[in-house]
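Engineer: This is the structure, below, for whatever I ask next.
Bear in mind these aren't lab numbers, they're just calculated from the coordinates by the rules spelled out. Just so we're clear, the structure is a prediction, and the values are computed from it rather than from any experiment. Heads up, the Cβs are rebuilt from the backbone with ideal geometry, glycines too, and the neighbour counts pull from every protein chain shown.
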Amino acid sequence: AISNISNRLVYGGKILDAESTWRRPSIPSLPGTQYQRLFMVNVHGHDARDKEGSFTNSVEADAVIEVLSGIATQWQHHRLSVGVIAMYASQQRLIEKRWQQHIEENSLEVHFKFKSSTVDGFQGSEEDVILLSLTRSNYQLDLGFSNDLQRLNVAITRAKSVCMIFADVRHCYE
């Protein structure tokens with residue numbers, strides 16, 4: 001379960017999953033992921049600070065849109081809820097805007113429940129699939145909010161079945 005990572009890293013193995021989580025129906029894997037439930041999508045973009053002081057990453061936003069589009073076309077016969085969590089409000093707004101444009105430009109039919117928010121706005125919610133945009137990608141390897149283990153814990157544990165983390169992997173090793 002996705003909660004195992006959080007349990008080990010944040011809670012020292014002291015948390016037990018509720019029995020109801022063991023009996024959740026499984027959902028099909030994303031193409032190419034087999035039965036993996038938590039994984040990273042390496043995105044080589046570059047973050048940019050906007051006039052409000054928040055950050056965006058256009059390349060990462062496009063990668064999230066590509067996966068959302070794949071879910072819409074390949075999982076159209078499954079009742080799913082999909083959440084997009086961004087570590088920065090400007091990134092969340094960018095992804096939501098581009099997703100709506102993508103739907104309109106491609107006459108895409110979306111059959112899943114969709115929610116997008118920042119990590120703080122997602123606290124207390126759960127979705128079947130979570131797409132997490134860490135946003136930051138820069139030469140200084142500055143992680144910003146992604147360096148906060150509590151925020152990452154909240155974001156990752158919002159996923160019932162699948163959590164995809166979009167990030168510049170170089171930042172994760174520093």
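Engineer: Between S125 and D50, how many nm apart are label points set 7 Å from Cα along the C-beta direction?
Structural biologist: 1.7 nm
Engineer: Please sort 156-165, 48-57, 96-105 by packing, taking for each peptide the average over its residues of neighbouring beta carbons within 10 angstrom, highest first. Write out the running numbers ahead of the final one.
Structural biologist: Working: 156-165: 22.1, 48-57: 15.9, 96-105: 13.8.
With the highest mean Cβ count within 10 Å placed first, the list reads 156-165, 48-57, 96-105.
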